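The numbers here are math on the coordinates, done by the rules we state, and not lab data. Since the structure is predicted, the reported quantities are computational estimates derived from the model, not experimental observations. No Cβ is skipped: glycine too gets one built from the backbone with ideal geometry, and neighbour counts run over all protein chains shown.
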Amino acid sequence: MLEVKLGSITHTDADALVVYLMEGGPGNHPVNATNAVDVLLGGVLRRAVAAGTLAGRRGEVWTAQSQILVIVVGLGAAETFDEHVAAEAVALSLKKAIGLEARQVATVTLGTGRGGLNVKASAAAVAKGVRRAGGAVAVELLVYDAEDLEAARAGVASAVGSEG
């Protein structure tokens, strides 16, 4: 099940938070929602990047357990990022969450900055990733800006019944 909601990744009742990290770029550090989760965790993501244990490589899955399970999935380089990579990253994150027995996962749109996706395309990729993961976990797609909420809902609706 996938539900699109207005909200913040740091203010949710989910068992697990899923955020994403693009490889390389300026400073190669967490930005946007990933940065908000890093702040929530006291800087553990930034330290993992600095130590080289988290780089944002495509398919990389990194976890941290604090008051909540956090899953970070690497998206690879911006130059090779697209909707297929986004859907793959979502599926990987949810399979990891299921394996760690999470029941409800909160995530965000991905690739809407350096990745070049608009909110609708990103939300469609999230929906496709949820479908690929088998749907064994409830997923909240949290959209921070009210103006993006309808685009995210339209993206999810466009992915329903389409091939991933």
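List of remarks:
- Taking the criterion of being outside any strand (DSSP E or B) and not small (Gly, Ala, Ser), the residues of segment 71-92 that qualify are 79, 80, 81, 82, 83, 84, 85, 88, 90, 92.
- Every residue from segment 113-127 that is buried (at least 18 other Cβ atoms within 10 Å of the Cβ) and closer than 16 Å to residue 151 by Cα: 117, 119, 120, 121, 122, 123, 124, 125, 126, 127
- Some residue of segment 56-66 being touching a Gly at 6+ places or on another chain (Cβ under 6 Å), part of a loop (DSSP other than H, G, I, E, B), of a type in the set (Gly, Ala, Ser) and without any contact (Cβ under 8 Å) to a residue 60 or more places away in the chain: yes
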